[in-house]
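Encoded as structure tokens, the structure appears first; notes follow it.
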Amino acid sequence: MTNLRSLDLNLLVTLDVLLSEHNVTRAAERLHYSQPSVSVHLARLREIFDDPLLLPGPRGMRPTARAEALREPLREALAALELAVSPEQPFDPSMATHTWRIAATDYSESTVLLPALGALRQAAPGTRVAVVEMVPPRLARQAEQGDIDLGFHITEDSPDALHRMALFTERYVLVGRAGHPRLKRKPTPAQFCALEHVIVSPDGGGFFGVTDEALAAVGLTRRVVLSVPHFLYVASVVASTDLVAMLPARLVAGNGALQAVEAPVEVPGYEMSMLWHERSHRDSAHRWLRELIAAKAKAG
């Protein structure tokens, strides 16, 4: 470590050229240095490596065994360093082979990822997408460790440590099966409370949510008869029964098996955001993916 700390990168570049040319004069010409400067560099390198490195020979300079051992590792290291500090190349999605890892719920899979999937497959056919379970308390850690590239979560509960981009604002509507006899028009508060409701409880088993909070504020309660952990199952339930649910409007838009009406109570909506870590904030491929997803989500 002492030698590494004392090394000047310019010395290594000089050594690489000397090992290629075996001649101080030609090395100086390639490096655009004076011959005395290259000689000073060589003297410093001999001191650092405790080896002559290059010895006088009948046809220029002859590398020592130590210098020969350094040749390839040095060339590879300098090439890797040059690649690392070179300006970032524009991202070409058509040639990309990335595997994107995205943390999402079934709701954000349907409302954020699905609208972008067709464009993603068309523009970057060599890439893959792995959707992993979105667990809010783990989100920041997963992003920091590189376990995920992106996460989708409501802005209000998003970790402060992550970058975020607001995608859209969501609102709730009252949803039942197409032709539901009690949803021909907006129900009264009493009619709304008399319906049998399904609720989404991400933590499992809950029968009280934001709709119940809004009702409680005006002294009302509703009949919640089914609690499930996923939004998409709720859509299936209400499409095949007379149960109803308060669901995000984007989730049910265009579903001919369902019909939606405005609820008689105002239920607060939420803002959906895309989240990522600083480690990938400036990466051109990552930026391309974020822009594609954001454009499709905002268009919806």
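The values are calculated or read from the model by the stated rules, or taken from the named source; none is laboratory data. Because the structure is predicted, anything quoted here is derived from the model rather than measured. A quick note on method: Cβ atoms are made from the backbone with ideal geometry, for glycine too, and the neighbour counts reach across all protein chains shown. Remember, those area values only see protein heavy atoms, side chains included, never the ligands or the DNA or RNA. Shrake-Rupley method; radii C 1.70, N 1.55, O 1.52, S 1.80 Å.
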Per the Kirkwood definition applied to all pairs of different Cα atoms, how many angstroms is the hydrodynamic radius of the range 154-300?
16.9
Rolling a 1.4 Å sphere over the protein heavy atoms, what is the accessible area per residue of the range 64-179, to the nearest Å²?
56
Using a probe of 1.4 angstrom, how much of the accessible area of the chain is carbon and sulfur, in percent?
53
Label Ala253 and His230 with points 7 Å out from Cα along Cα→Cβ: what is the distance between them in nm?
2.3
Work out, step by step, the length gained on full extension between Asp283 and Ile154: first 0.36 nm times the residue separation, then minus their alpha carbon distance; give nm to one decimal.
44.0 nm
Is the range 187-261 best put as rounded, prolate or oblate by its Cα gyration tensor, with a ≥ b ≥ c the root eigenvalues, rounded for a/c under 1.5, and otherwise prolate when a/b is larger than b/c, oblate when not?
oblate
Would the range 1-157 count as rounded, prolate or oblate if I go by the C-alpha gyration tensor, calling it rounded below 1.5 in a/c and otherwise prolate when a/b exceeds b/c, oblate otherwise?
prolate
Over the chain, what relative contact order in percent results from Cα pairs under 8 Å that are six or more residues apart?
21
Please give the contour-minus-distance gain from Thr64 to Thr188: 0.36 nm per residue of separation, less the Cα-Cα distance, rounded to one decimal in nm.
35.3 nm
In whole percent, what relative contact order does the range 128-221 give with Cα contacts below 8 Å and a gap of six or more residues?
14
Using a simple charge model, +1 on the beta-carbon of Lys and Arg, -1 on the beta-carbon of Asp and Glu, nothing else, what dipole does the chain show about its Cα centre, in debye to the nearest 20?
640
Could you check the spin-label model distance between Asp50 and Ala79? Points 7 Å from the Cα along Cα→Cβ, value in nm.
3.1
At 222 nm, what value in deg cm²/dmol follows for the chain if DSSP H runs of at least 4 each add -39500 (n - 2.57) and the sum is divided by all its residues, to the nearest 500?
-12000 deg cm²/dmol
Computed FRET value (nearest 0.05) for Arg121 with Arg223, which takes r as the C-beta separation and R₀ as 35 Å:
0.20
